[in-house]
Amino acid sequence: MNEIIFIIIAVSALGIFALPKRSQYYLMLGTQIFLAALTGYLMYLSFNRIEPLQIYLFDLLGNDVSLVIDSLSAFFIFVINITVLTGALYAKGYLKPYLRDKTRLEMAWHYFNFLILHISLLMVAMLREGISFLVFWELMSVSVFFLIIFESEKQENKEAGIKFLIQMHVAFYFIIAAFIICSIATGQNIGFESLEQYFKDYPAFPVFLLFFIGFGIKAGFIPLHTWLIHAHPAAPSHISGIMSGVIIKMGIYGIVRVLTYIHSDLMPIGVFILIISIISGIFGVTIAIVQHDYKKLLAYHSIENIGIIGIGIGIGVMGLAINNPVLASLGFAGGLLHVLNHALFKSLLFYAAGSIYQQTHTRNIENLGGLMKKMPSTAVFFLLGAAAISGLPPFNGFISEFLIYTSLFKSLMVSDSILSVTLLAGIVALAVIGGLAVFCFTKVFSIIFLGTARSDKTRHSHEVRSSMLFPKFIIAILIIMIGIMPFMMLRPMSFVAGVFVDDTSSLRDMTGTMSGISLSLSLLIVFIGILFFIKLKLSKVRHTDIGSTWGCAYTGSDPALHQYSATSYAEYIIMKAKILVGVKKHFRYLTKENIFPGESYFKTGSSDVFEDNLVSRPAGGLLSFMEKIAVFQTGNIQHYLLYAIVFVIVISIISIFGII
Amino acid sequence: MIKEIKILKQHGIQYVPDLKGAVLTPLFRGRPVIKEQPSEAETEMLIRLCPSDAIVTVGGFGIDIGKCVFCKECALACPNKIEFTNDYKIATNDLNNLIVRQGDSEIKFNEEKIRPEVRKLFKNALKLRQVSAGGDNSCEFELNASGNVNFDMGRYGIEFVASPRHADGIVITGPITENMAEALQICWDATPGPKVLILVGTDAISGGMFKNSPAVKREFLDKYPVDLYVPGNPAHPLTFINAVLRLIGK
Ligand code: SF4
């Protein structure tokens, strides 16, 4: 049976190369649906089992490699399949304009990598044996690299891809190092199984830290996030959505998987995760506000949401540490539910962003405006995603944040004073993050969709084809469903939290609260519906004038110039956030020579302080050092022969005098 | 605290308690009165004297206060025949009523010309957007004063707002210069209907001293009916407030 499935997948993956350009996509989609159905079935089998489901695959260097699926894996399989499938559906329309310019091989390579990515994501979530896990982990990074540089004719995309590849390998070494330490110390094979024994015998924190850095680079915790903010904008939008939706979540998966084996040092680990997450959350959203590139902005929001997820997990770990099942289950359930929620609304936002990019060919929000009239459906989906990511009811972001808030407030009651301060910081941070996120999305939405178009391309854009709207529709339905029927998620989340804690009854006790939420939200929706209906009726009776957007009656060449710009809207926050974001202004002073001043310009840009100091500066230093050394590399054969002779002479002198 | 109370006491009552019955200083130049028909020669002289062609001869001698800049030169030239009173209620909604003739004791309002929806919708709240279409800032100052603590027209629900989107009408000052003509049109179009159009100051009503300037472009006024003319150069806040109250029927 296994062999047949292997052969089917391998044949269809390679078959992509044999097909003509237009049918490659369907083979990829078909294979992905097959994969999703297969893993979906496994997920169904494994949910709510006490013992994880094990399927023997093959023998690798004397080790049994098998799929091990517990509720945690099953949960991630669900997230992966949902996001990848909607991404694949969306890709059809998104890639259409590229079909003309790209060769058959280039398209096939893209689809092939997409498929490999799906497979490796699923395998990473299911494998426990070390070597095969690492192979698929690496395969995941490499396939993503090729997906990022799809538009490799642009230099910045290539650079972003290479940045990604380098940082993924740094991460990879940390993970390998951690695995090897565990393996050597316990004498077991490399793999997650060895962790159990290791963490029993040795202090957990140092090795956990290695794992955290390794997986944390993938997840994008600040200050390990610098690849993410370049890779997300560079990748084609269906890939950005998947990257933000699941690939960075595999970092979270790695961290929580490691956490399942840790039973000591839990308190410092919990506090550590909480603090890093608070920093990621607040810094992520603050830097996001400053961004002009909407995809980069969404990338910073991914960091913020990783922070929110981390806060939940941190609370969960602290709950384990003080042996409080209520805390632990609520924290883990909240954090991990946010993994799903973030995958949903972030991919929705990225798909909407992709639609905007396809129509306007710009990623700078200062060139957009007035798109609500041109692309009404995209606008509605974007607004829905924006409301969800800001944690507003009645959408799913609210539910997971509610769980995390509940756990934080509950933990305040049981903890001692020093701990309380940390937890209080968590509550404040979550509130601040929420507020700033709302601010940020009012900015993005209003600048992109409201007002008047700020460029010609924007003026002539229109709604995308329905094949690009359909996947957004599916995601939107899921977002609303989780939002207004949160009790539905309690049972599955209690299974997931059950991987960490035995007693998850507190989650099930939330059913009453969740039903209350659901009832009040339904009432809210009904109320809004009634208001809307009344408005509709009234506006039918009354005469409505339709005119252009009010721009202070500015009669200059371009009325768009008179609108709020993204920078002016966010000016206050930009001023406050100067330590985090280096805001740079480039301009020429006006000269006084003539009565009418000549042409001038003004440009602002921002940079990430962490990236400047942790990556750019050391890398720059290394590069200039290398350049100094490169004086020896003259390209002249005589010089190289001279080096060889000098080397031989030096060696012989050394050996004559018996130094070596 | 005591210091503040002292200051308050020192300042006394700041606001004008009765906006409709307030009496202005005799020095104020309000409604002119023609006590006696000037002679032919005098009329001739006055026409030459008047800087803004406000002297009307068709249908008998008269002064068009829609054109008059209240310089008082005519009254000084014929002190027995022309006099300026301190009556500030000189606004009307009918252009013909702006001409003062012998025997007139008030500027009449044409009640029939008032649109019914103006009374119905704006009686309790009227938000206005001001457009200075080449104004000299005098009328604008007075309009500003209409909303301050002294005159406080806000007590009747009349206010100036920042955007035409929030406004029920537009108040124009200035002779409408070419450079402001398009902006005025955009602003008018951006105001949701039903809306009122109010002209404040001689410049706005007739172009005043600038009516023959090539920089003035007044086609806008041909297109839309004007609801209220508020003469004055500049118009007094009490003139403006009483005019608006009259218009909305308060
Ligand atoms: S007061 Fe009026 S009518 Fe008399 S001269 Fe001056 S502008 Fe002409």
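No value in this document is a laboratory result; all are computed from the given coordinates. Worth saying up front: this structure is predicted, and the values here are computed from it rather than measured. Methodologically, a virtual Cβ is constructed for each residue, glycine included, from the backbone with ideal geometry; neighbour enumeration extends over all protein chains shown.
Work out which GluC sites (Glu not before Pro) in chain A are exposed loop sites (DSSP not H, G, I, E or B, at most 11 other Cβ within 10 Å) and give the longest gap free of them. Could you put the intermediate results ahead of the total?
On the way: sites that count: A:E153, A:E593, A:E599.
The longest uninterrupted stretch comes out as A:154-592.
Can you tell me the dipole magnitude for the protein assembly as shown around its Cα centre, using point charges on the Cβ only (Lys, Arg +1; Asp, Glu -1), in Debye to the nearest 20? All intermediate terms of the calculation are to be shown ahead of the outcome.
Details: 74 positive and 66 negative charges, 261 e Å.
My answer is approximately 1260 debye.
Binned at 10 Å from 0, what are the whole-percent values of the Cα-Cα distance distribution for chain A, short to long?
Reading the bins upward from 0: 3, 14, 24, 25, 17, 9, 5, 2, 0, 0, 0.
Assuming 0.36 nm per residue, please report the length gained on full extension of the stretch A:K578 to A:R22 beyond their Cα-Cα distance.
Values: separation 556, 0.36 × 556 = 200.16 nm, distance 4.94 nm.
Result for the pair: 195.2 nm of gain on full extension.
Obtain the nm distance between the two label points defined at B:Q102 and A:E463 by a simple spin-label model: each point lies 7 Å from its Cα along the Cα-to-C-beta direction.
Distance between label points: 7.4 nm.
Given B:L121, A:T83, B:C187, which one lies farthest toward the positive end of the charge dipole of the protein assembly as shown, if we put +1 on the Cβ of every Lys and Arg and -1 on the Cβ of every Asp and Glu?
It is B:L121.
For chain B, what are the DSSP H helices with axial Cα length of 30 Å or more and mean Kyte-Doolittle hydropathy of at least -1.0? Walk me through the numbers on the way to the answer.
Details: long enough: none.
Counting only whole DSSP H runs, no helix qualifies.
Work out the mean other chain Cβ neighbour count within 10 Å for the residues of B:181-189 and drop it here as an integer. Walk me through the numbers before you get to the answer.
Details: counts 1, 2, 4, 1, 2, 9, 3, 1, 5.
The shielding value for this peptide is 3.
Out of A:Y198, B:F61, A:S607, whose Cα points farthest toward the positive end of the dipole of the protein assembly as shown (charges: +1 Lys, Arg; -1 Asp, Glu; placed on Cβ)?
Towards the positive end, the residue furthest out is B:F61.
If neighbour count is taken as other Cβ atoms inside 10 Å, put B:V216, A:V339, A:V135 in order from fewest to most. Kindly include the intermediate steps, with their values, before the conclusion.
Values: B:V216 20, A:V339 27, A:V135 17.
If I rank by nearby Cβ atoms, fewest first, I get A:V135, B:V216, A:V339.
Can you tell me which of B:E182, B:E40, B:E159 moves the most in a GNM of chain B? Springs connect C-alpha atoms under 10 Å apart.
Answer for the Gaussian network model of chain B: B:E40.
Distance from the Cα centre of the stretch B:177-250 to that of the stretch B:91-123, in angstrom?
If you average the Cα positions of each part, the centres end up 15 Å apart.
Find the centroid of the Cα atoms in the stretch A:331-391 and in the stretch A:92-156, then give the distance between the two in whole Å.
That distance is 23 Å.
Just the Kirkwood number for the stretch A:609-657, please: inverse of mean 1/r across all distinct Cα pairs, in Å, one decimal. It would help to have the intermediate numbers written out before the result.
On the way: mean 1/r = 0.0733 Å⁻¹.
After inverting the mean inverse Cα-Cα distance, the result is 13.6 Å.
Let's see if you can work this out: charge +1 on each Lys and Arg Cβ, -1 on each Asp and Glu Cβ, no other charges. What is the dipole magnitude of chain B about its Cα centre, in debye to the nearest 20? Working shown, then result.
Values: 30 positive and 30 negative charges, 185 e Å.
Its charge dipole is roughly 880 debye.
In what order do A:H462, B:H236 fall by count of nearby beta-carbon atoms within 10 Å, going from fewest to most?
Ranking A:H462, B:H236 by Cβ neighbours within 10 Å, fewest first, gives A:H462, B:H236.
Report the residue, chosen from B:A133, B:A77, B:A181, that carries the largest GNM mean-square fluctuation when chain B is represented by alpha-carbon nodes joined by springs under 10 Å.
Maximum among the listed residues: B:A77.
Counting DSSP beta bridges with both partners in the protein assembly as shown, what percentage is antiparallel, nearest 5? It would help to have the intermediate numbers written out before the result.
Details: 27 of 42 bridges.
Once the DSSP bridges in the protein assembly as shown are tallied, antiparallel ones form about 65 percent.
Among the trypsin sites (Lys or Arg not before Pro) in the stretch A:555-624, which ones are in a DSSP loop with at most 12 other Cβ atoms within 10 Å of the Cβ? Mind listing them?
Details: sites: A:K576, A:K578, A:K584, A:K585, A:R588, A:K592, A:K603; in loops: A:K578, A:R588, A:K592.
Loop-located and lightly packed - A:K578, A:R588, A:K592.
What FRET efficiency comes out for the pair A:V170/A:Y643, r = Cβ-Cβ distance, R0 = 41 Å, nearest 0.05? Mind dumping the intermediate values first?
On the way: r = 32 Å, r/R0 = 0.79.
The pair A:V170/A:Y643 has a calculated efficiency of 0.80.
Can you work out the FRET efficiency for the pair A:T513 and A:N364, with r the C-beta to C-beta distance and R0 = 45 Å, to the nearest 0.05?
Efficiency at R0 = 45 Å is approximately 0.55.
Find the Cα radius of gyration of the stretch B:32-101, compare it with 2.2 N^0.38 Å by division, and give the number to two decimals.
Details: Rg = 11.3 Å, N = 70, 2.2 N^0.38 = 11.1 Å.
Normalised by 2.2 N^0.38 Å, the Cα Rg of the stretch B:32-101 equals 1.02.
Could you work out the local net charge near B:R165, counting Lys and Arg as +1, Asp and Glu as -1, over the other residues with Cβ closer than 12 Å to its Cβ? Walk me through the numbers on the way to the answer.
On the way: positive: B:K127, B:R129, B:K195; negative: A:D545, B:D168, B:D189.
That sum, taken over residues with Cβ under 12 Å, equals 0.
As a test of the formula, what do you get for the protein assembly as shown when each DSSP H run with n ≥ 4 contributes -39,500 (n - 2.57) and the sum is divided by the residue count, at 222 nm and rounded to the nearest 500 deg cm²/dmol?
Values: 36 runs with 539 residues, N = 910.
One gets -19500 deg cm²/dmol as the mean residue ellipticity at 222 nm.
Quote the FRET efficiency, to the nearest 0.05, computed for A:I50 versus A:H263 with a Förster distance R0 of 22 Å and r equal to the Cβ-Cβ distance. Display every interim value, and only then the final one.
Details: r = 19 Å, r/R0 = 0.85.
For A:I50 and A:H263, the calculated efficiency is 0.70.
Which of B:P51, B:P32, B:P234 ends up with the largest GNM mean-square fluctuation for chain B, with Cα atoms connected below 10 Å?
Result: B:P51 has the largest fluctuation of those listed.
Any chance you could check the Cα centroid distance between the stretch A:515-549 and the stretch B:28-52 for me, in angstrom?
Taking the Cα centre of the stretch B:28-52 as reference, the centre of the stretch A:515-549 is 63 Å away.
For the pairs B:K35/B:K67; A:K296/A:K603; B:K108/B:K211; A:K102/A:K154; A:K457/A:K535; A:K102/A:K346, note any where the Cα-Cα span goes beyond 22 Å. Walk me through the numbers before you get to the answer.
Numbers: B:K35/B:K67 20 Å; A:K296/A:K603 18 Å; B:K108/B:K211 25 Å; A:K102/A:K154 14 Å; A:K457/A:K535 34 Å; A:K102/A:K346 28 Å.
Those over the limit are B:K108/B:K211; A:K457/A:K535; A:K102/A:K346.
Along the Cα-to-Cβ line of B:I7, 7 Å from the Cα, sits a label point; which residues in the stretch B:133-171 have backbone N less than 18 Å from it?
Within reach of a label on B:I7: B:149-150.
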